[in-house]
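Peer 1: Please see the structure below; I have some questions.
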């Protein structure tokens with residue numbers, strides 16, 4: 001008896017005879033769709049914020065030298081006190097008056113006890129309001145942004161691209177890292193197509209949009 | 001090899017099943033509401049993209065290219081996935097795949113798994129197989145949970161419980177989650193599911209997922225979802241098993257730039273779905289320590305073998321054709337007797353089974369073309385429906401009465417004299433049923449033509465007769 005792989009490969013081999021002429025070679029596939037955006041940075045930012053709000057995310061802004069106070073204001077607004085951060089998250093951004101736990105092999109139970117999590121991201125896509133998390137880097141391990149009920153994500157203005165193709169091309173440079181893309185908070189429409197925010201992921205996603213240079 | 005597509009082989013023929021379901025007023029109301037909402041949302045976000053048609057064409061070409069080179073892309077995917085630390089298994093059919101998965105779970109000494117929505121696992125009847133092996137699967141997608149707890153079957157590819165309304169869901173949850181005071185607002189029901197599943201996400205050691213895309217170039221797997229249950233299942237357990245139909249391969253990571261635009265807009269009418277998880281192999285202290293991919297054939301190579309209909313495999317399971325289909329919108333998914341309902345199900349289900357079962361499905365369509373118009377990868381479903389009808393007739397598998405009727409019509413139409421005799425005969429036979437130029441209340445087998453509409457009677461004079469008479473008239 002042949003093994004499963006050999007048999008499937010043989011069946012594919014037999015089946016592809018009929019497909020020889022129709023298919024294009026990879027390089028000649030017509031890609032006449034829009035590959036990159038036309039907006040300037042201000043318009044890109046405006047589009048990104050608009051999309052985020054449309055999903056029900058709150059967007060706050062600050063300058064790069066105000067990150068600490070920006071975070072403090074937000075946490076006060078949300079009345080949160082104990083937050084997780086990925087290991088390697090810049091300590092100088094964290095305001096003193098709150099408790100921050102850096103992720104050094106925290107268990108899922110420990111992660112679940114925190115009020116929320118603060119991370120940065122790898123990039124963002126304006127046209128779809130998408131935030132791209134590169135894991136175990138600036139976004140931390142996947143569990144960190146998944147189990148807590150609150151996620152505050154820092155997005156630097158110069159990290160925002162306009163279109164999905166631009167975003168995917170940027171992601172392809174780190175395609176072996178686990179990646180999560182987030183477009184608004186967790187949601188379902190499974191019951192009578194009524195969109196309900198917050199099923200299993202964080203029910204609240206806040207974005208702190210940082211102007212000025214990426215530090 | 002024996003292909004299994006859920007319980008399709010044992011299912012009732014479509015017209016029989018549909019007739020019963022059409023009596024269910026509640027079901028039709030639920031269906032109408034749900035499909036109207038998704039269609040509206042889809043139309044809005046599709047119209048936002050000026051390059052929608054170009055994206056569709058590109059997607060179609062990528063998929064056709066993949067099928068042509070499927071063997072080498074699968075080899076490449078296997079190699080890259082192994083390089084990233086994953087283990088790759090090949091399964092000729094559903095029972096082989098089910099056996100592999102149960103084996104992995106048993107080897108770890110576990111008896112529970114959490115699952116993120118995968119239609120492929122429904123196709124394999126994986127849950128039945130796991131339960132038979134003493135393993136409890138927990139569905140974690142809200143709709144799948146409603147289906148599982150309600151001991152029901154999915155009726156839609158994307159929103160499998162759309163045939164249920166809030167009060168039905170409430171009843172199921174009240175009973176199965178022992179929540180007497182549960183409200184019936186979607187918010188209450190969603191919160192109950194969150195509570196019910198949270199403990200399982202944190203406790204169960206093995207996760208099972210499907211894959212929306214598998215990237216040959218990087219060995220990556222992509223899971224597209226909304227609720228976060230997918231993220232939970234692919235990142236919290238110690239062991240992750242991902243089922244990948246062999247047609248889900250994309251050549252390069254960058255090809256996602258096409259499909260991640262087409263899929264969410266077509267499926268749920270969102271610009272982007274809330275979450276996409278993308279990973280290649282296990283990743284240190286982040287997520288599962290062991291990662292298995294099961295590459296599944298289960299009849300896909302049957303579909304490939306016919307170049308007239310192989311593009312059926314281009315399907316990315318968005319469900320847009322279901323929402324657009326005037327037949328599906330009346331009958332709902334259960335009439336199709338398969339986990340794959342609607343127009344795509346009508347062509348995919350019989351082909352997976354090498355046309356040996358589900359032969360009534362290619363007839364479950366009015367060929368209006370709405371499915372083709374909304375398909376994000378441009379599968380010409382109406383053409384394939386007609387092609388499959390032809391194949392079924394060629395095999396001699398068409399219903400006996402249809403074969404006799406077609407033979408008779410063929411005989412009569414092949415010759416002018418015969419046609420005119422047939423018309424004369426029809427004029428006599430139709431007399432008792434004719435009212436104002438229409439036929440009504442035809443008996444027995446023919447009743448289907450007149451129960452719900454008027455059928456024009458054969459006119460008193462045929463064109464040929466009129467023409468001949470007219471010639472005489474001008475001559476005198």
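A short reminder: the numbers here are calculations on the coordinates, not readings from a lab. Predicted model only: the values in this text are computed from it and were never measured. When we count neighbours, we look across all protein chains shown, and the Cβ atoms used for this are built from the backbone with ideal geometry, even at glycine.
Peer 1: Order these by the 10 Å Cβ neighbour count, fewest first: B:368, A:153, A:49.
Peer 2: Lowest to highest Cβ neighbour count: B:368, A:49, A:153.
Peer 1: Next question. Can you pull the mean other chain C-beta count within 10 Å for peptide A:198-210?
Peer 2: 4
Peer 1: Gap in Å between the Cα centre of the range B:64-120 and the Cα centre of the range A:80-100?
Peer 2: Cα centres, the range A:80-100 to the range B:64-120: 40 Å.
Peer 1: Within chain B, what percent of beta bridges assigned by DSSP are antiparallel, to the nearest 5?
Peer 2: Roughly 35 percent of the beta bridges in chain B run antiparallel, per DSSP.
Peer 1: Okay, moving on. Please report the antiparallel percentage of the DSSP beta bridges confined to chain A, to the nearest 5.
Peer 2: 25
Peer 1: So what's the angle, to the nearest 10 degrees on a 0 to 90 scale, between helix B:70-83 and the longest Cα principal axis of chain B?
Peer 2: Tilt of helix B:70-83: around 10 degrees.
Peer 1: For chain A, set up a GNM with springs between Cα atoms under 10 Å and report which of A:195, A:53, A:44 has the largest fluctuation.
Peer 2: Largest GNM mean-square fluctuation: A:195.
Peer 1: If you average the C-alpha positions of the range B:1-62 and of the range B:198-259 separately, how far apart do those two centres end up, in angstrom?
Peer 2: Their Cα centres are 23 Å away from one another.
Peer 1: Assuming R0 = 25 Å, what is the FRET efficiency of residue B:179 and residue B:131, from their Cβ-Cβ distance, to the nearest 0.05?
Peer 2: 0.55
Peer 1: Given the -39500 (n - 2.57) contribution per DSSP H run of 4+ residues, what per-residue ellipticity at 222 nm results for chain B, rounded to the nearest 500 deg cm²/dmol?
Peer 2: -14500 deg cm²/dmol
Peer 1: Continuing with the same structure: Report, to the nearest 10°, how far helix B:94-107 tilts away from the longest principal axis of the Cα atoms in chain B, using its own Cα long axis and a range of 0 to 90°.
Peer 2: 10
Peer 1: Any chance you could list P(r) for the protein assembly as shown, counting all Cα-Cα pairs in 10 angstrom bins from zero, rounded to whole %?
Peer 2: Final binned percentages: 3, 14, 24, 24, 16, 9, 5, 3, 1, 0, 0, 0.
Peer 1: Using a Gaussian network for chain A with springs between C-alpha atoms less than 10 Å apart, which of these wobbles most: A:51, A:113, A:31?
Peer 2: A:31
Peer 1: Calculate how steeply helix B:416-430 sits against the longest principal axis of the alpha-carbon atoms of chain B, using the helix alpha-carbon long axis, and give the answer as 0 to 90 degrees to the nearest 10.
Peer 2: The angle comes out near 90 degrees.
Peer 1: Taking every pair of distinct Cα atoms and averaging 1/r, then inverting, what Kirkwood hydrodynamic radius in Å comes out for the range A:127-167?
Peer 2: Hydrodynamic radius (Kirkwood, Cα only) of the range A:127-167 equals 11.7 Å.
Peer 1: Then there's this: Round to a whole angstrom and tell me the spacing of the C-alpha centers of the range A:144-215 and the range B:267-295.
Peer 2: One Cα centre to the other: 14 Å.
Peer 1: Kirkwood hydrodynamic radius for the range B:50-165: how many Å is it when counted over pairs of different Cα atoms?
Peer 2: About 17.0 Å for the range B:50-165.
Peer 1: Hey, if you drop one equal point scatterer on each alpha-carbon of the range B:416-475 and run the Debye formula without solvent, what base-10 log of I(q)/I(0) do you get at q = 0.25 Å⁻¹?
Peer 2: -1.02
Peer 1: List B:470, B:92 from most exposed to least, where exposure is judged by having the fewest other Cβ atoms within 10 Å.
Peer 2: Fewest-to-most ranking of B:470, B:92: B:470, B:92.
Peer 1: Right, something else. To two decimal places, what compactness ratio does chain B give when its Cα radius of gyration is scaled by 2.2 N^0.38 Å?
Peer 2: 1.13
Peer 1: As a footprinting exposure proxy, order B:196, A:33, A:150 by other Cβ within 10 Å, with the fewest listed first.
Peer 2: B:196, A:150, A:33
Peer 1: Sticking with this structure for a sec: Can you tell me what share of the DSSP beta bridges in the protein assembly as shown is antiparallel? A percent to the nearest 5 is fine.
Peer 2: 35
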